[in-house]
Amino acid sequence: MTTIRRKDRDLIVQALSAGVVPRVGLQHIQVGRSREVGALVRDIDRIADSGSAVRFVIGEYGAGKTFFLNLVRLIALERKCVTVHTDLAPDRRLHATGGQARGLYAEAVRNMATRTKPEGGALPSIVERFVTECLREAEDTTSPVERVIDRRLAPLLDMLGGHDFSTVIKAYWRGHEEGDDTLKSASLRWLRAEYPTKTEARQAVQVRSIIDDANIYDTFKLLSAFVRIAGYSGLLVVFDEMVNLYKLQSSQARNQNYEQLLRILNDVLQGNVEGLGFVFGGTPEFLLDSRRGLYSYQALQSRLAENSFATEGRIDMSGPVLRLQSLSPEDLLVLLSNIRSVFALGDATANLVPDEALTAFMDHCSKRIGEAYFRTPRNTIKAFVQFLSVLQQNPGTRWQDLIGGVAPEQDEPDELDADDELVDLRL
């Protein structure tokens, strides 16, 4: 393993000890799952080549969805895509009339990331990059800046909401030229869907519309076109915890959200969008339940049905549904070894425990909670990190004396939280 920065080590250990997926340093702990990643890499390459893609990443609680989605985002960033992501929640969903869809969009755009700003908050830098490129072109061609901007944004005018979107971008440019930070801020607020009424938006940026519940999907299409104009490869939208749609009590609300998913699926499968991809993370119940899940909506069931020939261990990763398999004991052993190496900053001579401690730890976990220790390994990993932390902070302590005191608990699906899911850390 390569040398690990102390800052990254601390962030990884802090996340794992709390039972959550780390936001940085995933490459230091990933193992396995090459075919699944390969399928998503092909999707990202297709997005970068002016295509589109949609995936439903399906796995049990503890099967690795959160880690996998984070990994996919990082791969997209490396291929010069822009990413936006968030978790669905009771107050954030795809379709609504009370602001929940606007809330989903706003949270996703706040998390907008690029390769140089992987932690989010990249919207201002993307708009600034576009304006700077327009200024440079205007200087090189001795053309008026506004004419250059109009020419570059012309493709947006053919899209729903494109005129107002372009007007807001031009308002940002005027704020840039005039040193008017208030106008620049107002433009970014509009792009982040932070104006609750059209009146406020008209007063601030001179447009008659806002991004609201009715048009978030169309706005994502506008964003994908804009980021490509700004010099990026495309836009990847990642939504986790789709099970929150399954949990909606109102069948009408569920069906309206499923209709939105159907619209996205149809657009992608028919090639009606360019440079845009969606990845949705959910549980098998969210997909398969014929009463409340996606399979309760006939049009979605027919499009998401599995390949009937993919049986007896055969796989097909060309369809929109990608199922994540559970972690194997062998993968968990490699993962524990990687975590041990993270503690040692990549220096094998500084490992806190020998190889036999890893197998002894796994045996202990197996006796405590059975095979669930590798199928839903969040608490197992959490306990291992705490085990190493004690050894690191108490020199002279024997690892053999500690293992008997470690009591990892089995995860219960109903207790898992979307943001706290530490699962199958595999690549």
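The values are calculated or read from the model by the stated rules, or taken from the named source; none is laboratory data. None of the values given here were measured: they were computed from a predicted structure. All Cβ positions, glycine included, derive from the backbone under ideal geometry; neighbour counts span all protein chains shown. Only protein heavy atoms, including side chains, enter the accessible area calculation; ligands, DNA and RNA are left aside. Shrake-Rupley method; radii C 1.70, N 1.55, O 1.52, S 1.80 Å.
Key figures
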item: Accessible area per residue, Å², the chain with all protein chains present, probe 1.4 Å; result: 44
item: Qualifying GluC sites (Glu not before Pro) for segment 284-359 [loop in DSSP, other Cβ within 10 Å: at most 15]; result: Glu306, Glu312
item: Calculated [θ] (222 nm, deg cm²/dmol) that DSSP helices of n ≥ 4 give over the chain, each run adding -39,500 (n - 2.57); result: -16000 deg cm²/dmol
item: Dipole of the chain [Lys/Arg +1, Asp/Glu -1 at C-beta], most positive-end residue of Ser308, Leu104, Leu336; result: Leu104
item: Heavy-atom accessible surface of segment 258-340: percent carbon and sulfur, 1.4 Å; result: 45
item: For segment 81-98 and segment 231-288, distance of Cα centres in Å; result: 10
item: Heavy-atom accessible area ranking, 1.4 Å probe, most first, across Met159, Met242; result: Met159, Met242
item: Computed accessible area, Asp240, all protein chains, 1.4 angstrom probe, square angstrom; result: 10
item: Order of exposure, largest accessible area first, which applies to Thr397, Thr167, Thr116 with probe 1.4 Å; result: Thr116, Thr397, Thr167
item: Coil-residue GluC sites (Glu not before Pro) of segment 113-179, DSSP, other Cβ within 10 Å capped at 15; result: Glu119
item: Option label - Rg/Rh (Cα atoms, Kirkwood Rh) computed here, alternatives (1) 1.31; (2) 0.95; (3) 1.02; result: (3)
item: Test item: Cα-centred dipole of the chain, Lys/Arg +1 and Asp/Glu -1 on Cβ, debye; result: 520
item: Protein accessible area in segment 109-183, 1.4 Å probe - carbon and sulfur %; result: 49
item: Pairs from Lys198/Lys247; Lys117/Lys221; Lys80/Lys198; Lys65/Lys247; Lys80/Lys221; Lys80/Lys170 whose Cα-Cα separation, in the structure shown, is over 29 Å; result: Lys198/Lys247; Lys80/Lys198
item: The chain - percent relative contact order, Cα under 8 Å, separation 6 or more; result: 28
item: Heavy atoms of Phe384: accessible area, 1.4 Å probe, square angstrom to 10; result: 0
